[in-house]
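To start, the structure itself, in structure tokens.
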Amino acid sequence: QVAQGRPSSAIFVTRPHAKGGSRAPTCVMVLLSLSALLAACAVHAALSAATCDEAPFTASFRASNLGVRKFIAETGDARCMAFSAEGGVVATGHWNGSVKLWNVATGRRILAFKAHASVVLGISFDDAGARLLTASADKSAALWSATAAPKEGMPLHRLEGHGGWVVSAAFGHGDDAVITGSSDKIAKLWNTSSGEMLRSLPEHNAALLSVALSPDGRLAFTSAGDNSTRLWDVATGLEQRQLKGHRGWVVSSSFSPAAETLLTSSHDNSAQLWGMPAGKRLQSFEGIGDVLSAALSPDGRLVLTGTREGLATVWDAETGAPLRNFKDRRGDPYIAVAFNGDGSKVLLGSLKKGKPRHMVEAEEEHTKCEARCAAEPKE
């Protein structure tokens, strides 16, 4: 017998009718009952196996079983943040032009160095976690080792040629190329081995905000301050299409590992998932606040967003349904979110609210100056 998928262990045996009578009916019934039990066990095993096999692949099951790692950046100092692909290291870019690398599990600093002459506006790792790409208001981007301090403070390559702040930078195909976007309204492609500029994309109508390069090296994505979002053919430098859907600035973008989708996040309080290369909008994740960062799980089934209001949300990538929320108690913004390498954990990077340290120091000095002036005798 089977009840609710569990086999019954009861076996009913008939008694012989008389002393010395035939025991055949008893043996037959025992055999039949054993056969029924074995069949029931097989059904139970099949049901159990199906349940165990299928459950981990449902989005809601995955979301409810995600581990969480959170990293809080230094008060009023950090400007941008990025996690390595496997999730063990986080890099922060700072207002004073420095870069720091941290162990996510322990919170201990691994490395620190001066990277730029001005504020670091963008930062990202290559897939191997061996190199770091930074973008700065000093009008340059730079490639660095992520495993050792720079020799004599020099980067592997400094990427110069923009006429304005380099706002965004990202690795692309096999980490052999990177793309940079600037307030000069231009995106540029660079060779990571030589530091040579490969191509400039046509000028936009406004400063660029976010750029991305597909892993197969065929497509580039750019967003600008006029709310335009464009896909480009890397080989020809020609615009392929504009992505219509966002109603505000797109501030982050990333391609999936197989370049099948593109995930964007915007100040219009939404993140959107696009099919590539057609540029068709597949899903929208809305009503959650000002989205500063977004990430796609390694298997493409989950989307993670982080907002200025300190809310991180895990979504079903197919249905667009919210599955799980992580609310920062202080309401500090999540400026970086990611999944770890196997998709078993979410990584949340928050930035404590507060003024940049250099602004605080300037205000303190101004206050001291005013106090001294007030104390001086007037002529």
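The values are calculated or read from the model by the stated rules, or taken from the named source; none is laboratory data. Please read all numbers here as calculations on a predicted model, not as lab measurements. Positions of Cβ are backbone-derived with ideal geometry, glycine not excepted, and every protein chain shown enters the neighbour counts. These accessible areas exclude ligands, DNA and RNA; they are computed on the full protein's heavy atoms, side chains included. Shrake-Rupley method; radii C 1.70, N 1.55, O 1.52, S 1.80 Å.
Miscellaneous remarks
- Going by accessible surface with a 1.4 Å probe and the largest first, LYS139, LYS100 read LYS139, LYS100.
- Accessible solvent surface per residue of the range 150-271, calculated while the other protein chains remain in place, 1.4 angstrom probe, Å²: 43
- Translational diffusion of the range 147-198, µm² s⁻¹ [Kirkwood Rh, Cα pairs; Stokes-Einstein; 25 °C; 0.890 mPa s]: 207
- The average projected area of the range 194-311, computed from the convex hull of its Cα atoms over all directions, is 7.7 nm².
- Distant-in-sequence amide H partners of HIS94 (H built 1.01 Å from N, under 5 Å): ARG79, VAL120
- In plain terms, if you count all Cα to Cα distances in the range 103-195 and split them into 5 Å steps from zero, the share in each step is 3, 15, 25, 25, 19, 9, 4, 1, 0 percent.
- Computed over protein heavy atoms with a 1.4 angstrom probe, the accessible surface ordering of MET154, MET81, MET197, largest first, is MET154, MET197, MET81.
- Remark: for residue pairs LYS100/LYS345; LYS139/LYS352; LYS139/LYS353; LYS188/LYS352; LYS70/LYS244, the C-alpha separation exceeds 30 Å in LYS188/LYS352; LYS70/LYS244.
- Cα-Cα pairs of the range 108-257 separated by more than 21 Å (percent): 39
- Hz values of 3J(HN,Hα) by residue in the range 184-191 - Karplus curve (6.51, -1.76, 1.60), Gly and Pro given as x: 7, 6, 10, 10, 10, 10, 10, 8
- Positive-end residue of SER168, ALA130, LEU143, charge dipole of the range 125-214 with Cβ unit charges: SER168
- Net +/- balance of residues flanking GLY341 in space, Cβ distance below 12 Å, scoring K and R +1, D and E -1: -3
- For the range 254-269, Karplus couplings with θ = phi - 60° (6.51, -1.76, 1.60), whole Hz, Gly/Pro x: 7, 8, 6, x, 8, 6, 8, 9, 10, 10, 10, 10, 9, 6, 7, 6
- The range 190-212 and the range 130-174: distance between their alpha carbon centers, rounded to Å: 13
- In the range 179-274, the chymotrypsin sites (Phe, Trp or Tyr not before Pro) that fall in loop regions by DSSP, at most 12 other Cβ within 10 Å: none
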